[in-house]
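The values are calculated or read from the model by the stated rules, or taken from the named source; none is laboratory data. This is a predicted model, so every value here is computed, not measured. Positions of Cβ are backbone-derived with ideal geometry, glycine not excepted, and every protein chain shown enters the neighbour counts. Heavy atoms of the whole protein, side chains included, go into the accessibility calculation; ligands, DNA and RNA do not. Shrake-Rupley method; radii C 1.70, N 1.55, O 1.52, S 1.80 Å.
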Amino acid sequence: MHEKLLITSLLLGSTVLSYGQEEKLDMATIQKIREEGLQRSQVMETAFYLTDVNGPRLQGPGFKKAANWAKDKLTSWGLQNSRLEAWGEWGTGWGVEHCYLAMTAPYYKPIIAVPRAWSGSTNKLQAAEILYISASDTTGLESYRNKLKNKIILLDQSYKITPTFKADANRYTDEALQKMAGETVSQRTDTTYRRMILAMRTQNAFNQKMRKLAKQEGALGMLNTTQNSVDGTLFVSGDYANAALGATPDDLADLNIAVEDYLTLCRLMKAGVPVKLDIDVRTKFYRDDTKGYNVLAEIPGTDPKLKDEVVMLGAHFDSWHAATGATDNAAGSSVMMEAVRILKTIGVKPRRTIRIALWSGEEQGLHGSKNYVTNHFVDPATQKLTKEGDNIAAYFNLDNGTGKIRGVYLQENQAVGPIFTQWLKPFNDLGAIAVTPKNTGGTDHLSFDRVGLPGFQFIQDPIEYGTRTHHTNMDTYDHLLPDDLKQAATIVASFVYNAAMRDEKLPRKTAAAQAAR
């Protein structure tokens, strides 16, 4: 249905339409939400500030600057009690001040390189040779003792680079969404999970021993890559566990480089061709404020009986540092900010309180949301919900890139399926049609779901999230799709409004479904 047809249907029908026996949708307000969200959006202005103006939002000055800006912006829109709330001890902040890497022999070649988060520094431009390490287990590393001083470490890799014949970006087809809606909840096999965990532990043990040995012997740096860091796109994160163990600026420079450059160096070293590099890396560690913070603000509820109940919406505000964290997750943060701006602008008077949360520390393990839920909603003695926790009506999350909303994951909460199906109907014309019982993971709704609170993540078109932007040096403002973000903010605003106006809180999982988690 096109926008004009929707408006016509509203004029012909009642301002409150009922889909099914249970849900009453205030279509007059939903139409106002659509008009404000689709025709007078400010979502890209918010995203511009969070990315181009602010820069990366890793823990440290980058995050704090953006968080204070968001707090003030929410206040300017009329939200109340906008604040930065400490959730606990985070640790050391970090940032990059300078990075240069080039091969100088057997010829000059600039190398695309980004320090991994909490990397150390070289502190000046230095010429260095490569120490090529073919060992793949901790025992084999012993043969390299007393050889690492002033070297740059290169671990053997045998990645194969092959052409891709698939587009970087894609959208879900209606058929794919229908299939998703019809899928049952899949159970992870213990064997697969154990193998994955074992492989991760083995690799982590090797990496930690390698870095410890390199630091002890005075190596200058270490090069890393990933098989998908091709065509100029580097996938870069960091070793927060290393920072927690006391990383300092004097630690070795720990760089991710393009896989093509990495394999070039490997081939030269295997062939015995002398290779020299120039390296200059300067990073900074911040210890003046080691606490973690979330950004919070409210639209107060107006119903005397329901105003203490809370509908929450949120997204993680932090990012990695190789770019400006546009699709991960300035997109989600801008959408959630835009959703509350829409609701304030059209003058809604929600029965329940609406609270936005912009989380920190998600990239290192959902720290902001997990600690917020623990601090506010769970009794430490009984591990049961507090009164404040019991008052949470719902939590809605967005963290899968720039793609528009195509539906919602139920997290096995089957009882909300018919409700969400009805809530999506006014937006079927915008492509939001799927309700799937499946779980999805890896982001902040899990902090709510794990304690039995109704937390949900929306289904989004993948676009180029997994292929080009997620945790990469390409995650910039230019990869945001304005119309998709406008659509997402509009739907989120409607879902939050519906949850805030409903007579009852959203149903929670059955005891059996929760126990299965």
Yes/no for residue 432 being crowded, with 22+ Cβ neighbours inside 10 Å and assigned to a helix (DSSP H, G or I)
no
Whether any residue in segment 372-380 is buried (at least 22 other Cβ atoms within 10 Å of the Cβ) and in contact with a Phe, Trp or Tyr (Cβ under 7 Å, 6 or more places away or on another chain) is what I want to check.
yes
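Can you find a residue that is under 21 Å from residue 236 (Cβ atoms) and either at pLDDT below 95 or open to solvent by less than 70 Å² (accessible area, probe 1.4 Å) (or both) anywhere in segment 18-35? Reasoning before the result, please.
Pass one, segment 18-35, residues under 21 Å from residue 236 (Cβ atoms): none.
Scanning segment 18-35, I find no residue that is under 21 Å from residue 236 (Cβ atoms) and either at pLDDT below 95 or open to solvent by less than 70 Å² (accessible area, probe 1.4 Å) (or both), so the answer is no.
Quick check: is even one residue across segment 497-509 closer than 30 Å to residue 237 by Cβ and modelled with pLDDT of 95 or more? Break it down stepwise before answering.
Taking segment 497-509 first, the residues closer than 30 Å to residue 237 by Cβ are none.
No: zero hits.
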Are there any pairs, at least 6 apart or on different chains, whose C-beta atoms fall under 8 Å, with the first in segment 459-482 and on the phi < 0 side of the Ramachandran plot and in a loop (DSSP other than H, G, I, E, B) and the second hydroxyl-bearing (Ser, Thr, Tyr) and open to solvent by 10 Å² or more (accessible area, probe 1.4 Å), and if so, which?
461/172; 462/172; 475/324; 476/324
So residue 508 fits all but one of (1) closer than 27 Å to residue 302 by Cα; (2) not in a loop (DSSP other than H, G, I, E, B); what number is the exception?
(2)
Picking from 277, 296, 265, 343, the residue that is part of a strand (DSSP E or B) and either buried (at least 22 other Cβ atoms within 10 Å of the Cβ) or at pLDDT below 95 (or both) would be 277
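Residue 168 - would you say it is assigned to a loop (DSSP other than H, G, I, E, B), loosely packed, with under 11 Cβ neighbours inside 10 Å and not small (Gly, Ala, Ser)?
Details: assigned to a loop (DSSP other than H, G, I, E, B): yes; loosely packed, with under 11 Cβ neighbours inside 10 Å: no; not small (Gly, Ala, Ser): yes.
The answer is no for residue 168.
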Mind listing whichever residues of segment 122-133 are closer than 20 Å to residue 269 by Cα, of a type outside the set (Asp, Glu) and open to solvent by 70 Å² or more (accessible area, probe 1.4 Å)?
127
Considering residues of segment 226-262 that are open to solvent by 40 Å² or more (accessible area, probe 1.4 Å) and assigned to a helix (DSSP H, G or I) only, the residue modelled with the highest pLDDT:
260
Could you identify the single residue in 119, 143, 136 that is in contact with a helix residue (DSSP H, G or I) (Cβ under 8 Å, 6 or more places away or on another chain), of a type outside the set (Val, Ile, Thr) and either open to solvent by less than 20 Å² (accessible area, probe 1.4 Å) or at pLDDT below 95 (or both)?
136
Spans of strands (runs of 3 or more DSSP E) in segment 84-140 with at least 1 residues in contact (Cβ under 8 Å) with a residue 60 or more places away in the chain, in contact with a strand residue (DSSP E or B) (Cβ under 9 Å, 6 or more places away or on another chain) and of a type in the set (D, E, K, R)
93-105, 126-133
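From 290, 283, which residue is of a type in the set (S, T, N, Q), touching a residue at least 12 places away in the same chain (Cβ under 8 Å) and buried (at least 23 other Cβ atoms within 10 Å of the Cβ)? So that I can check it myself, show each step before the final result.
On the way: 290 fails: buried (at least 23 other Cβ atoms within 10 Å of the Cβ).
The unique qualifying residue is 283.
Being modelled with pLDDT of 95 or more and open to solvent by 40 Å² or more (accessible area, probe 1.4 Å): is that true of residue 388 here?
Values: modelled with pLDDT of 95 or more: yes; open to solvent by 40 Å² or more (accessible area, probe 1.4 Å): yes.
Spelling it out, residue 388 is indeed modelled with pLDDT of 95 or more and open to solvent by 40 Å² or more (accessible area, probe 1.4 Å).
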Within segment 141-152, how many residues turn out to be aromatic (Phe, Trp, Tyr) and in a loop (DSSP other than H, G, I, E, B)?
0
Would you point out the residue of segment 477-491, among those that are in contact with an Asp or Glu (Cβ under 8 Å, 6 or more places away or on another chain) and among the aliphatic types (A, V, I, L, M), that is nearest to residue 393 (Cα to Cα)?
489
Starting from segment 36-52, take each residue that is closer than 13 Å to residue 485 by Cα and modelled with pLDDT of 95 or more and list its partners that are open to solvent by less than 10 Å² (accessible area, probe 1.4 Å) and acidic (Asp, Glu), counting only C-beta distances under 7 angstrom and pairs at least six apart or across chains.
41/338; 42/338; 43/338; 46/338
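So that you can scan it fast, the table gives a plain yes or no per residue for (1) part of a helix (DSSP H, G or I); (2) of a type in the set (Gly, Ala, Ser):
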| position | (1), (2) |
| --- | --- |
| 416 | yes, no |
| 422 | yes, no |
| 426 | yes, no |
| 442 | no, yes |
| 453 | no, no |
Among the residues listed as 456, 448, 420, the single one being open to solvent by less than 10 Å² (accessible area, probe 1.4 Å) and more than 24 Å from residue 318 (Cβ to Cβ):
420
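Does residue 382 qualify as being within 30 Å of residue 258 (Cα to Cα) and not in a helix (DSSP H, G or I)?
Working: within 30 Å of residue 258 (Cα to Cα): no; not in a helix (DSSP H, G or I): yes.
For residue 382, the condition - within 30 Å of residue 258 (Cα to Cα) and not in a helix (DSSP H, G or I) - is not met.
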When residues of segment 59-90 are filtered for being open to solvent by less than 20 Å² (accessible area, probe 1.4 Å) and over 20 Å from the mean Cα position of the chain (by Cα), how many remain?
2
Can you tell me which of 510, 469 is surrounded by 22 or more Cβ atoms within 10 Å (Cβ to Cβ) and β-branched (Val, Ile, Thr)?
469
Neighbours by Cβ (under 8 Å, 6+ apart or cross-chain): first from segment 492-506, touching a residue at least 60 places away in the same chain (Cβ under 8 Å); second hydroxyl-bearing (Ser, Thr, Tyr) and open to solvent by 10 Å² or more (accessible area, probe 1.4 Å):
497/29; 500/353
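Could you check segment 45-58 and list, in sequence order, the residues that are of a type in the set (A, V, I, L, M, F, W, C) and surrounded by 16 or more Cβ atoms within 10 Å (Cβ to Cβ)?
Step one: of segment 45-58, the residues of a type in the set (A, V, I, L, M, F, W, C) are 47-48, 50, 53, 58.
47, 48, 50, 58, listed by residue number.
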Residues (polar (S, T, N, Q) and farther than 18 Å from residue 130 by Cα) located in segment 142-171:
162, 164, 170
